[in-house]
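J.: I am attaching a structure below and will ask some questions about it afterwards.
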Amino acid sequence: MPELPEVETTRLGLSPHVQGQTIRTAVVRNPRLRWPVPKHLAQLVAGRRIERLERRSKYLLLDCGGGWLILHLGMSGSLRVVPADQPPGAHDHLDIVLESGQALRLHDPRRFGAVLWQRGEPTRNKLLRDIAPEPFDPRFDGHWLFQHTRGRRAAIKNLLMDQRLVCGVGNIYANESLFRAGIHPATAAGRIGEQRYARLVDAIRTTLTEAIRAGGSTLRDFVNADGKPGYFQQQYFVYGRAGEPCRLCASAVRMVRIGQRSAFYCPRCQR
DNA sequence: CGCCAGGCCTGCACGC
DNA sequence: TGCGTGCAGGCCTGGC
């Protein structure tokens, strides 16, 4: 799920049900996520009002006034709003119970997700400190990427997934963005010029924007439904399409391993 | 059974 | 000795 578009879609879907709500309590059924869920989470959050639901990179941030609840969905996490008395299913590790009688429920089979409490500003948290500007921040531009990749021999696809360089992009959208920019995923980042980086930035923004738009149609699924979290099925250009024809030139899409992750690309459109 | 999966921190080896 | 860099490992469960 959770690259930036999925997290943003989650934020948009949950926001009306969560914002302005006072937290009644927190129920931790399984604290064993990527890091242990804070021991006394209920005491930390009970009685606090959720002022706003924000997002930074792939992190969801709940402004609780004086402290922030930081959520990360890892590989398999999802959040939904359910009636607080709805029986939890397997892997429903945490509920944030609201005064409305609903609960924000975290589901995460692989438990790579995280729930953290941060007093004061969330940017004080070590995990958020070194993250690159948001993709739509004007500071994130071709020059930013050009500057930070000089002398670097790593494949551009790996650096696209480095949150200190590009934030919010994971394996799927790294592949998709590189396709849109016409850049081969194995290209050494240091050998790409500023013009091509400007094009890559455009490609990243387009890719993320379209994914968020695709997710918008599934927002209702974040509330009360008992099925899948409602992450949308998008039409990808290359991701997961090894052997299938490129949507632009009909060449067979290829898959290779780069940095222990699957890379998909069109050998004709991407150089 | 083995392999794969949308993330990301940590620790190691290396070169300057 | 200290970076920055590039890798590999590890955390988990579920599906094919």
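J.: Scanning for something in contact with an Asp or Glu (Cβ under 8 Å, 6 or more places away or on another chain), at pLDDT 95 or above, among the polar types (S, T, N, Q) and within 16 Å of DNA strand B (Cβ to nearest atom), does region A:186-207 turn up at least one residue?
T.: Yes, region A:186-207 contains a residue that is in contact with an Asp or Glu (Cβ under 8 Å, 6 or more places away or on another chain), at pLDDT 95 or above, among the polar types (S, T, N, Q) and within 16 Å of DNA strand B (Cβ to nearest atom).
J.: Pairs please, first residue from region A:126-152 and within 17 Å of A:VAL169 (Cα to Cα), second anywhere and aromatic (Phe, Trp, Tyr) and away from DNA strand C (no atom under 16 Å from the Cβ), Cβ atoms under 7 Å, 6+ apart in sequence or on different chains.
T.: Taking only residues 6 or more apart or on different chains, the pairs are A:LEU128/A:TYR59; A:ALA132/A:PHE140; A:PRO133/A:PHE140; A:GLU134/A:PHE140.
J.: Which of the residues spanning region A:250-271 are under 16 Å from A:GLN235 (Cα atoms) and part of a loop (DSSP other than H, G, I, E, B)?
T.: If the condition is that a residue be under 16 Å from A:GLN235 (Cα atoms) and part of a loop (DSSP other than H, G, I, E, B), then A:ALA250, A:VAL253, A:CYS266 are the ones that fit.
J.: Against the definition (away from DNA strand C (no atom under 12 Å from the Cβ), free of Cβ contacts under 8 Å to residues at least 40 places away in the same chain and either in the same structural domain as A:GLY190 (by TED's automatic domain parsing) or β-branched (Val, Ile, Thr) (or both)), how does A:VAL166 come out, yes or no?
T.: Yes: the conditions hold for A:VAL166.
J.: Hand me the list of strands (runs of 3 or more DSSP E) wholly inside region A:42-102 holding 1 or more residues that are surrounded by fewer than 15 Cβ atoms within 10 Å (Cβ to Cβ) and at pLDDT below 95.
T.: Fully inside region A:42-102 and qualifying: nothing.
J.: I need every pair where a residue in region A:54-79 that is farther than 20 Å from A:ARG164 by Cβ has its Cβ under 8 Å from the Cβ of a residue that is within 9 Å of DNA strand B (Cβ to nearest atom) and assigned to a strand (DSSP E or B), sequence separation at least 6 or different chains.
T.: Qualifying pairs under 8 Å: A:LEU71/A:TYR59; A:LEU71/A:ALA114.
Matching residues to (1) more than 17 Å from the chain's Cα centre (by Cα); (2) more than 15 Å from A:ALA198 (Cα to Cα); (3) among the β-branched types (Val, Ile, Thr):
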residue	(1), (2), (3)
A:ALA103	yes, yes, no
A:HIS107	no, yes, no
A:ARG119	yes, yes, no
A:ARG124	yes, yes, no
A:GLU134	no, yes, no
A:PRO138	yes, no, no
A:LEU145	yes, no, no
A:ALA154	yes, yes, no
A:LEU165	no, no, no
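J.: So A:LEU94 passes all but one of these: (1) within 18 Å of the chain's Cα centre (by Cα); (2) within 16 Å of DNA strand C (Cβ to nearest atom). Which condition number does it fail?
T.: Failed condition: (1).
J.: Ok, one more. Yes or no: A:LEU116 assigned to a helix (DSSP H, G or I), touching a residue at least 40 places away in the same chain (Cβ under 8 Å) and either of a type in the set (Ser, Thr, Tyr) or within 13 Å of DNA strand B (Cβ to nearest atom) (or both)?
T.: When the stated conditions are applied, A:LEU116 does not pass them.
J.: Which members of region A:1-20 meet the condition of being crowded, with 19+ Cβ neighbours inside 10 Å and more than 13 Å from A:LEU79 (Cβ to Cβ)?
T.: Within region A:1-20, A:GLU3, A:LEU4, A:PRO5 qualify.
The values are calculated or read from the model by the stated rules, or taken from the named source; none is laboratory data. Just so it is clear, the structure is predicted and the values come from calculations on it, not from any experiment. As a convention, Cβ positions derive from the backbone with ideal geometry for all residues, glycine included, and neighbour counts pool all protein chains shown.
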